[in-house]
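**Q** Structure below; questions to follow.
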There are 6 protein chains.
Amino acid sequence: MTEVVWNRMTAAELRDAAAADAIVLLPVASTEQHGPHLATGVDTFLAGEGCRRAALLVAEKRRIVVAPTVWMGLAEHHVAFGGTITLSLSTYHALLRELCGSILRAGFTKILIVNGHGGNIAALTAMTTDLAMELKAPIATTTLYSLPIQANAFDGILQDQKGIQHACEAEASMMMAAFGDCVRADKLPEAYGPQDARGPNANAILMWKSFKDMTPTGVIGDARRATAEKGEKLFEVTARLLAEKLIAGAPWA
Amino acid sequence: MTEVVWNRMTAAELRDAAAADAIVLLPVASTEQHGPHLATGVDTFLAGEGCRRAALLVAEKRRIVVAPTVWMGLAEHHVAFGGTITLSLSTYHALLRELCGSILRAGFTKILIVNGHGGNIAALTAMTTDLAMELKAPIATTTLYSLPIQANAFDGILQDQKGIQHACEAEASMMMAAFGDCVRADKLPEAYGPQDARGPNANAILMWKSFKDMTPTGVIGDARRATAEKGEKLFEVTARLLAEKLIAGAPWA
Amino acid sequence: MTEVVWNRMTAAELRDAAAADAIVLLPVASTEQHGPHLATGVDTFLAGEGCRRAALLVAEKRRIVVAPTVWMGLAEHHVAFGGTITLSLSTYHALLRELCGSILRAGFTKILIVNGHGGNIAALTAMTTDLAMELKAPIATTTLYSLPIQANAFDGILQDQKGIQHACEAEASMMMAAFGDCVRADKLPEAYGPQDARGPNANAILMWKSFKDMTPTGVIGDARRATAEKGEKLFEVTARLLAEKLIAGAPWA
Amino acid sequence: MTEVVWNRMTAAELRDAAAADAIVLLPVASTEQHGPHLATGVDTFLAGEGCRRAALLVAEKRRIVVAPTVWMGLAEHHVAFGGTITLSLSTYHALLRELCGSILRAGFTKILIVNGHGGNIAALTAMTTDLAMELKAPIATTTLYSLPIQANAFDGILQDQKGIQHACEAEASMMMAAFGDCVRADKLPEAYGPQDARGPNANAILMWKSFKDMTPTGVIGDARRATAEKGEKLFEVTARLLAEKLIAGAPWA
Amino acid sequence: MTEVVWNRMTAAELRDAAAADAIVLLPVASTEQHGPHLATGVDTFLAGEGCRRAALLVAEKRRIVVAPTVWMGLAEHHVAFGGTITLSLSTYHALLRELCGSILRAGFTKILIVNGHGGNIAALTAMTTDLAMELKAPIATTTLYSLPIQANAFDGILQDQKGIQHACEAEASMMMAAFGDCVRADKLPEAYGPQDARGPNANAILMWKSFKDMTPTGVIGDARRATAEKGEKLFEVTARLLAEKLIAGAPWA
Amino acid sequence: MTEVVWNRMTAAELRDAAAADAIVLLPVASTEQHGPHLATGVDTFLAGEGCRRAALLVAEKRRIVVAPTVWMGLAEHHVAFGGTITLSLSTYHALLRELCGSILRAGFTKILIVNGHGGNIAALTAMTTDLAMELKAPIATTTLYSLPIQANAFDGILQDQKGIQHACEAEASMMMAAFGDCVRADKLPEAYGPQDARGPNANAILMWKSFKDMTPTGVIGDARRATAEKGEKLFEVTARLLAEKLIAGAPWA
């Protein structure tokens, strides 16, 4: 099986990939509370694993490399639970600029930042412009689950929710499938919360709110529904949809 | 009629409003190309006017002030057309932080940033967290048209589109209603473009793209459908929905 | 009458102006207390109006555009009165750099920053060097009233003062002439203060001092002398002197 | 076996550790060329593994947690080889400040940054002062191999070198011991370079120099001497010496 | 004779001065071309010497200390001549903020920045507000020659000029009086230039201009008039006027 | 005797030196407590004098210039004693970047930063990379005493110590030799402290510590051993070793 993970490859192998104009996926995530039942690294583990699986599918058709996962992100809303790491917007911007800049200097031209953490989405959307201008390069951004959600591809898999909530049926299932020792089975019975903690105006008028004020367990959704089988299916469809797009040349073609 | 516009009020009047815990709306917008038919100040004029109309409705029930409109925003995607002003993300962040900080120092506690420009949305969403942390205050953000779009309130008014596009039926109608001398009637016949210029994957995978590559006219939507009557109705419903929320105490209550 | 105001012009009209090497005036001002009788927007209104009038005179001879007025400036010394917005020096610098940078990117080469607020003068003088170096462009700066004061052109108009004080005979007169609904006539009887609040060493040794400690009314000068007729004359001579310089090619020729 | 890795622990487990005043080790490393035979993640893998092993020894006596490894560092001198990620000094400073700040906010008081990359040493030494002042906390820094080198503890293990070079006998041995699939055995015969590439004045007068100009293979030292057995011994002594210090209360007692 | 120069005093002597609420003068200057006849350190030497002489007079009445001279300032306009050091506005601001911050931390409360370089004046005026706000301390600023110029005290001493030009009768005289080995007597015959190089609009409309385009010799004024006797008198009156103000309690009383 | 000190030279002399590709030494030091017996300017005086002496030796063979001494550095660890000036790491970085940038713009290509203060060493080592990248120039850094210490050249001169401590036998001797009026002879009997205040783990695990907690006198070493004769010898060997390297072409050849 081809090695696709940047830091498991030698410099010569990476130079070779760059010379072949390989795509670089840069997984970005977070380290933060994920309820009573899941480790704080959930977003980091899932983003890295989702990218790795997609890349292995892509690698059959074209060169691709997965950079190490940026495990620190924007998670102020989880700080009140403890166990959470968060950056300011400006440091996060500087970090991504210099990581992408390094990847470009290493000879690659096609970078897709693949996000696995809800709290990063708005910032990444905003930075998509600034990174492109600052680096004069077609940096693209996505969230790992955007393609399947857009395609309603999780509908047949999940019972209670349509997309990804937090420490939920979907995240717990994927953790069970791939990182079982980071799931505390004995805490599952209490691992649920509201299905949508923000209320009807949330999207229309935004105001910062601690997750703690939305869900005392730190969970949005219901992890009691989680199974490893669901997790495997979620990974499969997520990786496949991203891989198909990349093989087809998106977003650069 | 009560004066609600900050810079048309004296310091004593503003001290009085602050003492009464008045809400402050801070309209933020942009100065950028708006097709062949509309002035570059569209977002600035509409954001200010929308806030002013909403505030006049609110003022019957509770104190409210409308700060001057921040006419510079994030508009890199329009630069290729000329006539466009844009800021970097970090300067925009610093500017809003210091404006909100000044409003707080003037004695107000409830600030709602009301955005009138699509290109600002993601940045404002991201900054909602940072501004709240940096200023230790419940800064809220919204986009002027979010409440009516969420309520499908434009459906009976607009012919070709459901929400706000760019230099489109909706924006041109509101400009006709309130700023008619900033509409070039003779250019209307050419004032149309695609209804959605980004394509099916736009929301799933983002990559910076100049508006010029999406629409040669600079228009998304069809301004040929615009009328002043539609514009008046759009203003009415937009102002009313925002006013109702604010009167009801949202988003702070 | 030619349209000269940037955000009332379309992108195509601005591209055309840039192609004709039009001058751009960028009015910069402030939002701050102006005594019991004047709205906080005085400097913003007067700077914009002064530039607009000068530009209309220039426009008969050469192309010129007036950008929207930068209504936020350096006004820490007025904060104690309430109603005041102020920026840090570094954010103000970044803001002006990016505004001028955008104007240059829009194809213009001749930018004159026209200031209408005393508190901005030193910073603008200092930034004249940095902006020129950073943008590699001949950015010029002036204060709206510098030319008439240098020419003693206000002498025959004003009764009590030779130049511009604060919320004074001159500012109140111009507000009466052009923005009468932002003057509180009933407060005029108390709208006076010392003619020079800083004392004999003020220019030799500087130390930050709140306006509140210099003048309890927030006025320097005597607005009881103000009339709309004086205001109209002040505008006329101010606009004419600036226009004459610009028509003659200053400061770039 | 106790779990000591931050992102494999739940928020509740981390809150519990913080309440018990657990030490936090923050491994910092790099992603950079490591000769023809080793993956670019060497420093990241070894720093994380060294900390994990030390922490497991400590955990028998007192609470300790190992944060995720900061895999991006200061590696400009390796960029010419490709495959290398590097940050500016100011972004690296901001990143570490906010990571440590988050750890403090999570309730921990004792942070030891454990470095696994030569290029970070000077910056970490300098930042030890600034981090302590900025965060008002006793942040300590060390390099993973400092204690054994100070104690000459590698002398009986290594054949050709006394300390840690680059992609050398020591690093290759530890990679063989713990991350064998990141070692390219077929490249070992060419995996050697000078024992000291900087020359006699290197420590007295510093000037930036690309590693490429010091060693064409990217290796300093001789990886042909590497064995998994040596690697295991190096890990053992490194982890033990650090654990002993921490158990004894250093550096806070 | 009392020692008044900070870096010639021991820490204990400075603690003692701080305990006695001594004034601290912080001379700020520049290193830049000063015509064919004067060393590039003119402003640095004169600012330090002027402060030292004033301080010796003050010291008879109250405690005072003179910090080392900040020899780097804002001198972009002299760069074209060579031999010139210049800072950006933002670095200069940060430098002065941290120097004043250190002086405050050393226990002093009264800081007067005494400037000896024309190019720093506007920036110092602007920073007077920001330094006071940032440090919450009554930082005062002046230019060494402001008091004598305000008092027309140089009139009987200088032949050709009323104030201080550049590398001129006044500066050359003071250099002859106190730093004779930094004057090249053989270059004096060519050491003259225009008396005022900026022209009639200079104060009304500012635009960056290299000194090289104003005066090919780098001199404004006429150094051929310089004598050591004049220099001694200039120093005497300058030091005396500043000392009198400080003894009288200005600017803090 | 050739003049080698930048600010004692005219711009023309500096242009001439730059045209001859002269080396520029930039002495960097500190202003900080130096025990009961030495002035706070010790590091500044010694760095400047050491560079000047070395430059005079070099000047017989090749052109060289000594910039003014950067008297502000990183001295947080001395602040508790009073009399101390310190900068943040980021301001220090910006300052050195702009000073070196100015020297390059003045036409010089070979800059050696010569440090005279222990607290700057790590930062300068780290910045050696960033300055070279930012300025695209071969900026070199050294500490004044590095060459003699590397060569054990102080061994026959000093009685109690091998290198440079703080306010010690070596520093006090050099001050006696060249700046006798900055030595308080009557305080010498109490001018001693521990020979090594950091303890056995200091180099292995770093944690910020005030000098005050290491030595109540502020001295590391024993200044009672100091004599002017030793000081003269220390200067001689220090200057000679640096001069020899520079004459031989290091570090650029």
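The values are calculated or read from the model by the stated rules, or taken from the named source; none is laboratory data. Here the structure is a predicted model, which is why all the values come from computation and not from measurement. Methodologically, a virtual Cβ is constructed for each residue, glycine included, from the backbone with ideal geometry; neighbour enumeration extends over all protein chains shown. Calculation scope for accessible area: heavy atoms of the full protein, side chains included, ligands and nucleic acids excluded. Shrake-Rupley method; radii C 1.70, N 1.55, O 1.52, S 1.80 Å.
**Q** Got a sec to turn the phi values of segment B:130-136 into Karplus ³J(HN,Hα) couplings, 6.51 cos²θ - 1.76 cosθ + 1.60 with θ = phi - 60°, whole Hz, x for Gly and Pro?
**A** 5, 5, 4, 6, 5, 9, 6
**Q** Here's something else I'd like to know. Which loop chymotrypsin sites (Phe, Trp or Tyr not before Pro) in segment B:174-253, with loop taken from DSSP, have no more than 16 other Cβ atoms within 10 angstrom of their Cβ?
**A** Here the chymotrypsin sites (Phe, Trp or Tyr not before Pro) that fit, given the DSSP loop and packing criteria, are B:Trp252.
**Q** Turning to a different aspect of this structure: Taking 24 Å as the cut-off for C-alpha to C-alpha distance, list the pairs among B:Lys110/D:Lys136; A:Lys187/B:Lys136; D:Lys110/F:Lys212; C:Lys187/E:Lys136 that go past it.
**A** Flagged as over cut-off: B:Lys110/D:Lys136; A:Lys187/B:Lys136; C:Lys187/E:Lys136.
**Q** Averaged per residue, what accessible area in Å² does segment A:105-253 show with a 1.4 Å probe, protein chains only?
**A** Ligands and nucleic acids excluded, the result is 40 Å² per residue.
**Q** Here is a further query. Let me cross-check B:Glu232: its accessible surface, 1.4 Å probe, with only protein heavy atoms counted, in Å² to the nearest 10?
**A** Accessible area, nearest 10 Å²: 80 Å².
**Q** Moving on to the next point. Roughly what % of DSSP beta bridges within segment D:1-136 run antiparallel, to the nearest 5?
**A** For segment D:1-136, the DSSP antiparallel bridge percentage is about 15.
**Q** Let me ask something else about it. How large, in Å, is segment A:200-253 by the Kirkwood hydrodynamic radius built from its alpha-carbon pairs?
**A** After inverting the pairwise mean of 1/r, the radius is 14.9 Å.
**Q** Follow-up. Mind putting together the pair-distance distribution for the protein assembly as shown? All Cα pairs, 20 Å bins, whole percent per bin, short to long.
**A** Values per bin, smallest distances first: 9, 33, 37, 20, 2.
**Q** Counting pairwise Cα distances across segment F:63-203, what percent come out greater than 19 angstrom?
**A** Cα-Cα pairs in segment F:63-203 separated by more than 19 Å: 62 percent.
**Q** Distance in whole Å from the D-onto-E rotation axis to the closest C-beta of chain D, together with the residue it belongs to, please.
**A** Checking which Cβ lies nearest the axis yields D:Ser90, 8.
**Q** Can you report the principal axis dimensions of segment C:15-63 using only the alpha carbons, biggest first, rounded to whole angstrom?
**A** Ordered largest first, segment C:15-63 gives principal extents of 45, 18, 10 Å.
**Q** Of the DSSP beta bridges with both residues in the protein assembly as shown, give the percent that are antiparallel, rounding to the nearest 5.
**A** Just about 35 percent of them are antiparallel.
**Q** Could I ask something else about it? Which value at 222 nm does chain F reach when only helices count, each DSSP H run of 4 or more adding -39,500 (n - 2.57), with the total divided by all residues and rounded to the nearest 500 deg cm²/dmol?
**A** Dividing the helical sum by the residues of chain F leaves -11500 deg cm²/dmol.
**Q** Chain pair C, B: how much accessible area is buried, both chains summed, with a 1.4 Å probe, in Å² to 100?
**A** Interface area, both chains combined: 3800 Å², rounded to the nearest 100.
**Q** Here's a follow-up. Give, as a single signed number, the net charge of other residues whose beta carbon lies under 12 Å from the beta carbon of C:Glu134, with Lys and Arg counted +1 and Asp and Glu -1.
**A** Summing Lys/Arg as +1 and Asp/Glu as -1 gives -1.
**Q** Take chain C, connect every pair of alpha-carbon atoms lying under 10 Å apart with a spring to form a Gaussian network, then pick out the residue of C:Arg15, C:Arg225, C:Arg52 with the largest mean-square fluctuation.
**A** Most flexible of the set in this elastic network: C:Arg15.
**Q** Still on this model: Give me the net charge for the shell around C:Val4: Cβ to Cβ below 14 angstrom, other residues only, Lys and Arg +1, Asp and Glu -1.
**A** 0
**Q** Find out how many positive minus negative residues lie around E:Ile85, taking Lys and Arg as positive, Asp and Glu as negative, among other residues whose Cβ is under 12 Å from that of E:Ile85.
**A** Net local charge, E:Ile85 excluded: -3.
**Q** Angle check, please: helix D:228-247 long axis (alpha carbons) against the longest principal axis of chain D (alpha carbons), in degrees 0 to 90, nearest 10.
**A** Tilt of helix D:228-247: around 30 degrees.
**Q** While we're on this one: Using a 1.4 Å probe and ignoring any ligands, DNA or RNA, find the accessible area of E:Cys51 and quote it in Å² to the nearest 10.
**A** Answer for E:Cys51: close to 0 Å² accessible.
**Q** In whole percent, how big is the carbon plus sulfur part of the accessible area of chain A, probe 1.4 Å, protein atoms only?
**A** Taking all protein chains in place, chain A shows 52 percent carbon and sulfur surface.
**Q** What nm distances, shortest first, do you get from the label point of C:Gln150 to those in the other copies when the point sits 7 angstrom along Cα to Cβ?
**A** Result for C:Gln150, in nm, nearest copy first: 2.5, 5.5, 5.8, 5.8, 6.7.
**Q** Something else now. Keeping all protein chains in the complex and leaving out DNA, RNA and ligands, what accessible area do you get for E:Val79 with a 1.4 Å probe, in Å² to the nearest 10?
**A** For E:Val79, solvent-accessible area is about 30 Å².
**Q** Could you tell me the calculated FRET efficiency between E:Arg62 and E:Arg240, based on Cβ-Cβ distance and R0 = 22 angstrom, to the nearest 0.05?
**A** Working from the Cβ atoms, E equals 0.90.
**Q** For chain E, take the longest principal axis of its alpha carbons; what is the angle in degrees between that and the long axis of helix E:42-58, to the nearest 10 within 0 to 90?
**A** Helix E:42-58 sits at roughly 40 degrees to that axis.
**Q** Dipole magnitude of the protein assembly as shown about its Cα centre, charges +1 at Lys/Arg Cβ and -1 at Asp/Glu Cβ only, in debye to the nearest 20?
**A** 0
**Q** If you average the sequence gap of Cα pairs under 8 Å that are 6 or more apart and divide by the length of chain D, what percent do you get for the contact order?
**A** 24
**Q** Measure nothing but the geometry: give the 0 to 90° angle between the long axis through the Cα atoms of D:169-178 and the longest principal axis through the Cα atoms of chain D, rounded to 10°.
**A** Value to nearest ten degrees: 50.
**Q** Please state the charge dipole magnitude for segment C:42-188, taken about the Cα centre, from unit charges on C-beta atoms (+1 on K and R, -1 on D and E), reported in debye and rounded to the nearest 20.
**A** In debye, rounded to 20, segment C:42-188 gives about 660.
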